[in-house]
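J.: Mind having a look at this structure? Questions to follow.
We did not get these values from a lab; they are worked out from the coordinates using the rules stated. Everything quoted here is computed from the prediction, not taken from an experiment. We place every Cβ from the backbone using ideal geometry, glycine too, and count neighbours over all the protein chains shown.
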Amino acid sequence: MKLTHLTSLFVCVLFGCNDAPSPPTEQKKHASIATETDTETGKDMYMLYCAQCHGPTGDGKGFIELDRPARSFIDGGFSFGNTVHAISKTTSSGIPGTPMPPFADILNAEQIERIAKHVRSFAPTLKEATASETEMVVGESPLVVRGMIPPVQDGEKLHPRGLVIGNPDGFSYEYRADDVRLLAIRQGRFISREDWGDRGGSPLKLLGKITVLVQGGDPDSMFKTTDGEHLRAQLKATSTVSEYGTVRYILLNESGEVFATISEYCKPTTGARALVEQQFAIEALRPFTMTPLRGTVMNGDQLVSTGISNRTVIHATKGSE
């Protein structure tokens with residue numbers, strides 16, 4: 001049974017143009033809608049979920065007035081790549097800080113791919129930006145790349161030892177590796193290994209757009225002894241066996257005494273995904289303090305006692321232009 005235009009508009013306002021997380025009481029409604037659209041075409045679902053903002057023809061002229069105009073797909077206005085795979089990722093994850101919500105909560109992967117194929121058809125003559133021989137693309141599992149990292153912005157340092165974690169949801173996390181610190185969070189394409197042609201002598205080219213610049217791209221250490229001495233984070237390992245890439249390191253004082261082992265990963269929040277959580281699983285051998293950086297919020301006490309505990313640092317993202 002086809003939905004009326006009025007019902008379509010209501011559903012779009014409820015799901016497609018609202019960047020607030022859905023309350024728990026609406027989860028059954030979401031599941032029901034996903035079931036009903038299992039047999040719908042990409043065009044049908046585009047009209048239901050997307051047209052009110054992006055326009056029926058994909059020209060960005062929808063029925064709902066937004067703070068910033070919706071993208072015109074006819075003109076090639078794709079935020080993070082114009083392949084079906086890239087459009088599907090953006091549709092699934094949303095764009096932080098904008099009215100574009102994540103649809104992974106209400107549509108399954110097959111339905112999102114159908115919508116992406118329809119969206120791609122709005123610009124059939126536009127050449128797909130396929131990966132070059134040096135571009136690394138994150139598939140179904142996280143990727144970790146080590147190498148020289150360029151300055152995250154003008155005036156900042158180049159880091160000879162860096163690592164970047166790319167997750168399947170389209171977010172990537174840029175670290176300095178000499179004293180493990182998160183520098184920036186990006187969304188979109190991952191990395192071009194242009195250093196391959198220079199035998200590792202040139203920086204990686206990070207392709208994603210920055211959504212979080214941690215303390216201006218040159219963050220302080222969060223970890224100190226209870227006496228105020230800085231603790232150094234020494235990288236031990238990375239892991240890609242779970243949904244999110246993980247980095248593991250130990251904290252040492254100047255004498256080389258180990259204070260803790262920490263496993264850390266990052267993930268966007270549910271709902272509008274306007275926040276990113278930096279999760280810390282801590283095994284502390286000695287008590288120490290953990291101070292959140294400027295512009296972040298930490299859940300949990302700053303004093304970390306001996307034993308096993310967890311902390312979460314929350315980063316607010318900015319919208320992508």
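J.: What is the order of K236, K224, K89, fewest Cβ neighbours within 10 Å to most? Present the calculation step by step, with values, prior to reporting the outcome.
T.: Working: K236 13, K224 19, K89 23.
Exposure proxy ranking, most exposed first: K236, K224, K89.
J.: In whole Hz, with x marking every Gly and Pro, tabulate ³J(HN,Hα) for the range 155-164 from phi via Karplus 6.51 cos²θ - 1.76 cosθ + 1.60, θ = phi - 60°.
T.: Going residue by residue, I get x, 8, 8, 7, 10, x, 10, x, 9, 10 Hz, with x marking Gly and Pro.
J.: Something else now. Which whole-Hz ³J(HN,Hα) couplings does the range 279-287 yield from phi under the Karplus relation 6.51 cos²θ - 1.76 cosθ + 1.60, θ = phi - 60°, glycine and proline marked x?
T.: Karplus values, whole Hz, x for Gly and Pro: 9, 10, 9, 10, 10, 9, 8, 9, x.
J.: Computed from the mean reciprocal separation of all distinct C-alpha pairs, what Kirkwood hydrodynamic radius does the range 144-276 have, in Å?
T.: Details: mean 1/r = 0.0639 Å⁻¹.
One over the average 1/r among Cα pairs gives 15.6 Å for the range 144-276.
J.: Net charge around R189, counting only other residues with Cβ within less than 11 Å of its Cβ (Lys, Arg = +1; Asp, Glu = -1)? Intermediate results must be reported in sequence, preceding the final value.
T.: Working: positive: K89, R186, K205, K209; negative: E135.
Taking every other residue near R189 into account, the sum is +3.
J.: Which pairs, out of K224/K267; K89/K267; K267/K318; K209/K267, put more than 20 Å between their alpha-carbon atoms?
T.: In this structure, K224/K267 exceed 20 Å between Cα atoms.
J.: What does the net charge come to around S172 if you take all other residues with beta carbon closer than 11 Å to its beta carbon, with K and R at +1 and D and E at -1? Can you show the working numbers first?
T.: Numbers: positive: R186, R189, K209; negative: D169, E174.
With Lys, Arg at +1 and Asp, Glu at -1, the net is +1.
J.: Ok, one more. Counting only other residues whose beta carbon sits under 13 Å from that of S263, what net charge do I get with K and R as +1, D and E as -1?
T.: Details: positive: K236, R248, R311; negative: E264, E283.
My count for the surroundings of S263 gives +1.
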